[in-house]
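The values are calculated or read from the model by the stated rules, or taken from the named source; none is laboratory data. Just so you know, these numbers come straight off a predicted model, no measurement behind them. Cβ atoms come from the backbone with ideal geometry, glycine included; neighbour counts cover every protein chain shown.
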Amino acid sequence: MKNVIVEVRFNNKPPTEYDYKHFNVVMKTGKVHTFHYHINNPIPTKEEALGLTYYELLNLARKKFYDAIDKYKREM
């Protein structure tokens, strides 16, 4: 049985003074993980996160980040 994300809880709090925010993901076991991110970085959507393990979510976020860097480089 994979421990997958069953709920994603974004918040409406303003970013920190350093432009960071967070959201929580609830796992099938009930454990809650907090995912911190910079507001200028691409992050997975709720639809993309549901059904993933937390490790898969981290890898997806990493991929989105590096894809954005590659796109920026190509546009230079």
Quiz item: Which one of the conditions (1) within 10 Å of the chain's Cα centre (by Cα); (2) surrounded by fewer than 16 Cβ atoms within 10 Å (Cβ to Cβ); (3) under 21 Å from Val6 (Cβ atoms) does Ala61 fail to meet, given that it meets all the rest?
Solution: (2)
Self-check item: Of residues in segment 3-42 being closer than 30 Å to Tyr72 by Cα and aliphatic (A, V, I, L, M), the one surrounded by the most Cβ atoms within 10 Å (Cβ to Cβ)
Solution: Val25
Exercise. Could you grab me the full set of residues in segment 43-58 that are loosely packed, with under 13 Cβ neighbours inside 10 Å and either touching a helix residue (DSSP H, G or I) at 6+ places or on another chain (Cβ under 8 Å) or assigned to a helix (DSSP H, G or I) (or both)?
Key: Glu47, Tyr55
Practice problem: Report the residue count in segment 2-21 for those that are farther than 13 Å from Leu57 by Cβ and either assigned to a strand (DSSP E or B) or among the aromatic types (Phe, Trp, Tyr) (or both). | Solution: 5
Quiz item: Can Ile69 be described as at pLDDT below 95, of a type in the set (Val, Ile, Thr) and in a helix (DSSP H, G or I)?
Solution: yes
Exercise. Would you check which residues across segment 33-42 are in a loop (DSSP other than H, G, I, E, B) and either acidic (Asp, Glu) or within 9 Å of the chain's Cα centre (by Cα) (or both) and list them?
Key: Pro42
Quiz item: Can you tell me which residues in segment 43-58 are within 14 Å of Phe10 (Cβ to Cβ) and within 10 Å of the chain's Cα centre (by Cα)?
Solution: Ile43, Pro44, Thr45, Lys46, Glu48, Ala49, Leu57
